[in-house]
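Engineer: After the structure tokens below, expect a handful of questions from me.
The values are calculated or read from the model by the stated rules, or taken from the named source; none is laboratory data. These figures come from a predicted structure and were not determined experimentally. For neighbour counting, all protein chains shown are included, and Cβ atoms are generated from backbone atoms with ideal geometry for every residue, glycine included. Calculation scope for accessible area: heavy atoms of the full protein, side chains included, ligands and nucleic acids excluded. Shrake-Rupley method; radii C 1.70, N 1.55, O 1.52, S 1.80 Å.
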Amino acid sequence: MSGFKRKMRIGELLLSRELITEEQLQIALEEKKKTGALLGDTIVELGYVPQDVMIEVLKKHLNIDYIDVREIALDENVFKLLPESFLRKYNLIPLYHDESNTNMIVVAMSDPMNLDAMDDINIYTGYQVKPILAMRDHINSVIDKVYGKSQANDIAEQIKQEQADTNAEDDLAEAARKEELENAPIVKLVNSIIEQAVRMRASDIHIEPFEYNVRIRYRIDGSLREINVYDKSIFTAMIARLKIMSGMDISEKRKPQDGRITIDVDRREYDIRVSNLPTVYGEKVVMRIASKEGFNRDKKDLGLRDVDLKKFDNILKNPHGIILVTGPTGSGKSTTLYTALSELNTEDVNIITVEDPVEANIDGINQVQVNNKADMTFANALRSILRQDPDIIMIGEIRDSETADIAVKAAITGHLVVSTLHTNSTASTVTRLIDMGVEPYLISDSVVGIIAQRLVRRLCTCKEEKHATEEEKMEMGVPLDKECIIYQPVGCSKCGGSGYMGRIGIYEIMPITTKLKHVITKGGDADEIKQVAVEEGMSSLKASAAYYVKEGITSFNEMMKVAYEAG
């Protein structure tokens with residue numbers, strides 16, 4: 001009971017500072033009861049208080065320091081004083097001996113008020129504990145870094161040994177059924193691969209079979225990194241397990257299949273789309289990871305600058321017309337679309353989406369899944385949706401002329417349509433619609449705004465400054481006689497040696513103005529459209545990326561990737 005009172009004080013403290021309301025505290029307490037999480041973590045996860053504000057409150061409240069454990073060089077002798085199971089149970093990491101007291105160790109804890117954990121550390125190690133505050137996710141990330149690979153290798157070795165001992169059956173379906181009931185190590189291995197990917201902020205997991213081994217790679221901040229290589233002998237059991245988890249046909253090995261997994265990692269729900277492709281050495285599996293919360297973010301968090309935010313808001317204010325978000329796969333289009341929908345989602349509008357697949361469920365929005373087998377194509381679904389009295393229609397992607405034609409007609413008849421297209425820039429989107437058979441005058445009448453976007457990697461805090469060369473200044477549009485400091489990646493333990501940590505969106509936003517309507521109607525090409533848009537104040541993708549280079553947020557190399565892609 002005393003622990004409950006201690007944690008209540010955090011809630012009361014936040015109330016006294018007017019950081020949360022009484023109603024929010026009650027909701028957080030109810031949620032805490034369900035999940036067993038700390039009250040502070042629950043309040044942050046519910047979005048009531050930002051993480052950095054919560055850290056400052058806890059530091060003052062508990063009179064202790066805060067540390068980012070990902071940036072600390074661990075003292076191996078101290079770290080290994082406690083087993084991995086203990087670290088995971090209490091979510092803590094022993095860091096080093098206290099300088100002022102050799103009988104004391106400094107321990108990073110997500111719950112520095114957990115007296116039971118401190119007592120157990122004292123009993124286990126014989127040392128007193130000096131607690132220091134750290135984030136739960138950061139602690140898990142460090143534990144994974146130290147133990148993840150060796151733990152996965154131990155499990156893989158155990159599976160291999162069991163298979164050698166029991167002469168695994170040839171019938172894959174039978175083996176898979178038995179595996180679900182008996183073969184716990186493979187369950188642990190697959191779960192650890194997924195959990196480690198989530199904690200390393202991966203967007204995709206690649207499981208690739210070769211002649212003698214299986215390679216595991218994660219896509220982190222847009223780049224693939226090799227994480228582990230296993231013996232080929234465990235591959236069959238691994239694929240069977242993934243097929244069971246994702247609802248695929250475990251006996252089908254010759255055709256590509258798609259599936260879906262929902263999994264909880266660190267009390268957060270993740271939706272994983274699984275794609276299976278037969279290759280010469282077996283079935284390659286790619287898993288795309290999406291947090292249920294990831295799509296539900298404030299538009300301020302997308303990376304939009306103030307000037308872009310105003311344009312974005314003005315486009316969303318249109319009562320009818322087409323809003324298009326464009327860019328290659330993995331450029332954040334879906335996140336921008338869902339953010340726009342959340343903004344428009346009020347009780348007085350009827351929003352219906354047609355998607356392939358539905359990427360995230362949003363309360364208050366009617367979402368339709370495309371199903372080609374049942375003849376539920378984008379076009380057929382749209383025809384039905386128009387009879388459902390919609391105010392706003394979201395089309396996952398305009399893929400063909402039939403869908404484009406219906407979207408244009410829906411916009412002209414008074415609906416707001418939001419959708420995506422795979423084009424490189426805002427101007428080329430107009431010419432793509434013309435290629436799809438839409439008349440230029442219909443495009444100028446229906447399209448109200450086009451947003452092209454990319455994701456660039458953010459530089460980690462280990463970045464170092466440098467003077468921009470003449471060539472770099474020219475590319476960024478900086479006068480050659482002007483001093484210009486930019487930053488380049490270095491690499492540290494926090495960013496896994498890559499020099500980058502996270503990504504940020506860059507945008508090219510083109511509201512369709514009267515002048516642009518005139519250019520489109522008379523059949524202007526992409527260059528003419530872009531020229532008029534820039535004259536009217538549009539910032540190109542390259543210019544937006546250059547802004548972030550000059551601000552020290554990303555590197556010159558990242559900017560040049562965007563410049564090359566956008567043409």
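Engineer: Please go through the stretch 304-334 and pick out each residue that is open to solvent by less than 30 Å² (accessible area, probe 1.4 Å), more than 22 Å from Ser446 (Cβ to Cβ) and among the hydroxyl-bearing types (Ser, Thr, Tyr).
Structural biologist: Once the filter is applied, which keeps residues that are open to solvent by less than 30 Å² (accessible area, probe 1.4 Å), more than 22 Å from Ser446 (Cβ to Cβ) and among the hydroxyl-bearing types (Ser, Thr, Tyr), the stretch 304-334 yields only Ser331.
Engineer: With in contact with a strand residue (DSSP E or B) (Cβ under 6 Å, 6 or more places away or on another chain), among the polar types (S, T, N, Q), open to solvent by less than 40 Å² (accessible area, probe 1.4 Å) and over 28 Å from Asn91 (Cα atoms) as the only criterion, which of Ser246, Ser275 stands out?
Structural biologist: Ser246
Engineer: Can you tell me how many residues within the stretch 56-95 are part of a helix (DSSP H, G or I), of a type in the set (A, V, I, L, M) and either out of contact with any Gly (no Cβ under 9 Å at 6 or more places or on another chain) or open to solvent by less than 10 Å² (accessible area, probe 1.4 Å) (or both)?
Structural biologist: Total satisfying the criteria: 5.
Engineer: Then there is this: Of all the residues that make up the stretch 187-227, how many are among the small types (Gly, Ala, Ser) and either in a helix (DSSP H, G or I) or within 18 Å of Asp271 (Cα to Cα) (or both)?
Structural biologist: 4
Engineer: In the stretch 486-504, how many residues are closer than 17 Å to Glu465 by Cα, aliphatic (A, V, I, L, M) and touching a residue at least 40 places away in the same chain (Cβ under 8 Å)?
Structural biologist: Total meeting the criteria: 2.
Engineer: Let me ask something else about it. Quick check on my filter: what residues within the stretch 441-492 are open to solvent by less than 40 Å² (accessible area, probe 1.4 Å), part of a helix (DSSP H, G or I) and touching a Phe, Trp or Tyr at 6+ places or on another chain (Cβ under 8 Å)?
Structural biologist: Once the filter is applied, which keeps residues that are open to solvent by less than 40 Å² (accessible area, probe 1.4 Å), part of a helix (DSSP H, G or I) and touching a Phe, Trp or Tyr at 6+ places or on another chain (Cβ under 8 Å), the stretch 441-492 yields Glu472, Met476.
One line per residue, one yes/no per condition, for (1) polar (S, T, N, Q); (2) within 22 Å of the chain's Cα centre (by Cα):
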| residue | (1), (2) |
| --- | --- |
| Glu464 | no, no |
| Ser493 | yes, yes |
| Asp525 | no, no |
| Met559 | no, yes |
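Engineer: Looking only at the stretch 493-515, which residues are charged (D, E, K, R) and either open to solvent by 40 Å² or more (accessible area, probe 1.4 Å) or part of a loop (DSSP other than H, G, I, E, B) (or both)?
Structural biologist: Selection gives Lys494, Arg503, Lys515.
Engineer: Next question, about the same structure. Just to check your reading of the model, which residue among Leu82, Leu74 is in contact (Cβ under 8 Å) with a residue 40 or more places away in the chain and in contact with a Ser or Thr (Cβ under 8 Å, 6 or more places away or on another chain)?
Structural biologist: None of the others qualify; the one that does is Leu82.
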